[in-house]
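As structure tokens, the structure follows; a few thoughts come after it.
The values are calculated or read from the model by the stated rules, or taken from the named source; none is laboratory data. As the structure is a prediction and not an experimental result, all values here were calculated from the model. Here the Cβ positions follow ideal geometry from the backbone for every residue, glycine too, while neighbour counts run over all protein chains shown.
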Amino acid sequence: MNDYIVRATAADGAVRAFAIHSTELVEEARKHHNTTPVMTAALGRTLSAAAMMGAMMKGEDDILTIRIKSDGPAEGLLVTADSHGNVKGYAYNPHVLLPLKRRGKLDVGGAVASGFLSVTKDLGLKEPYTGQCELQTGEIGDDLAYYFMTSEQTPSAVGLGVLVDVDSTVKQAGGFIIQLMPFAPDEVIDRLEARIAEVGSVTQLMEEGLSPEGILERLLGGMDLQLNDTLPARFYCDCSKEKISRVLGTLSVKDLSEMADAGESVEIVCDFCSTAYVFAADEMKEVLRQRMLKLAGRLGVLNDESMYETPAIEAKAGPAEDGTDA
């Protein structure tokens, strides 16, 4: 089954709901970052939640970022999603090893422990909106439910799950977010609380064969559930050598000069997808040249570009500077 998000409403609009099948995207993240099982679960839960929260946004260019800074061995997580189902992220320490909890459960709460969770929404306004709360359990779902209540004043039930197989691959991953609107009647709240208490974990529901629609039916069936639409979801990083070059260009002239003068290639690794980009010595000189021209332009100085001339980058066959085939 391909990954996707379902958007729905229930109880005559008093409830809005989201559910996701995210097995493939969480497995993709695991492969990119070589995470241990407990960190696959921690990162996978956060990716699933961010994808659903991204689907709550309406603008074409809206971006949502979840940051978790923790005192536990995980150290933290950073996940970014857009409104089109694209999500990417990484764990600060992807290689945490912890004993299993009772019944063989992965100890995500032990890996994350205490700290803070923040959600930033860049909606194209003058300034992005950021809300923050203390971590409650480190299990991600509980912490996001607390965030929704304290920062957005929206009572929410958040269920997230990642089932890691014996070979450390992702067997199941998914989740749901169910939110009450301010006008939700007490009887709807009572029925929803009872349903949530009755169902098992997200991965248990998925192991039963339930799709995102099936999970929402289990939780909201008989409450005028309306499945509105679906949205494909995927792990997607939009990094490129050009973008990395622009990031390098924000370094100080001193730092860039040291890199260029060293006469060696520089490797930059994308945090989100672990793709490595190699900049040859001549390319580093060009980055430095562009940086100096930009600074000179800001100072209003009329520069003779010949002052910053560097040899043109020449493609040559044979071994590249990092010792691999060109």
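The residue that is nearest to the chain's Cα centre (by Cα), counting only those in region 16-64 that are buried (at least 24 other Cβ atoms within 10 Å of the Cβ) and polar (S, T, N, Q), is T46.
Of K105, K58, K31, all but one fail to be in the same structural domain as G221 (by TED's automatic domain parsing) and closer than 17 Å to D122 by Cβ; the exception is K58. Selection over region 223-281 of residues that are over 23 Å from N34 (Cβ atoms), in contact with a strand residue (DSSP E or B) (Cβ under 7 Å, 6 or more places away or on another chain) and in a loop (DSSP other than H, G, I, E, B) gives a count of 4.
At least 1 residues being polar (S, T, N, Q) and more than 18 Å from L117 (Cα to Cα) is the threshold, and among the strands (runs of 3 or more DSSP E) wholly inside region 55-105 those reaching it are 86-91. For L256, only one of the following conditions fails: (1) exposed (fewer than 14 other Cβ atoms within 10 Å of the Cβ); (2) touching a Leu at 6+ places or on another chain (Cβ under 6 Å). What is its number? Of (1) exposed (fewer than 14 other Cβ atoms within 10 Å of the Cβ); (2) touching a Leu at 6+ places or on another chain (Cβ under 6 Å), only one is false for L256: (1). Of all residues in region 252-272, one or more are of a type in the set (F, W, Y) and within 29 Å of the chain's Cα centre (by Cα). Sub-8 Å Cβ pairs linking a first residue in region 73-90 that is in contact (Cβ under 8 Å) with a residue 12 or more places away in the chain and more than 16 Å from S274 (Cβ to Cβ) to a second residue that is basic (K, R) and surrounded by fewer than 24 Cβ atoms within 10 Å (Cβ to Cβ), at least 6 apart or interchain, are E75/K69; G76/R67; G76/K69; S83/K58; G85/R234; N86/R234, ordered by first then second residue.
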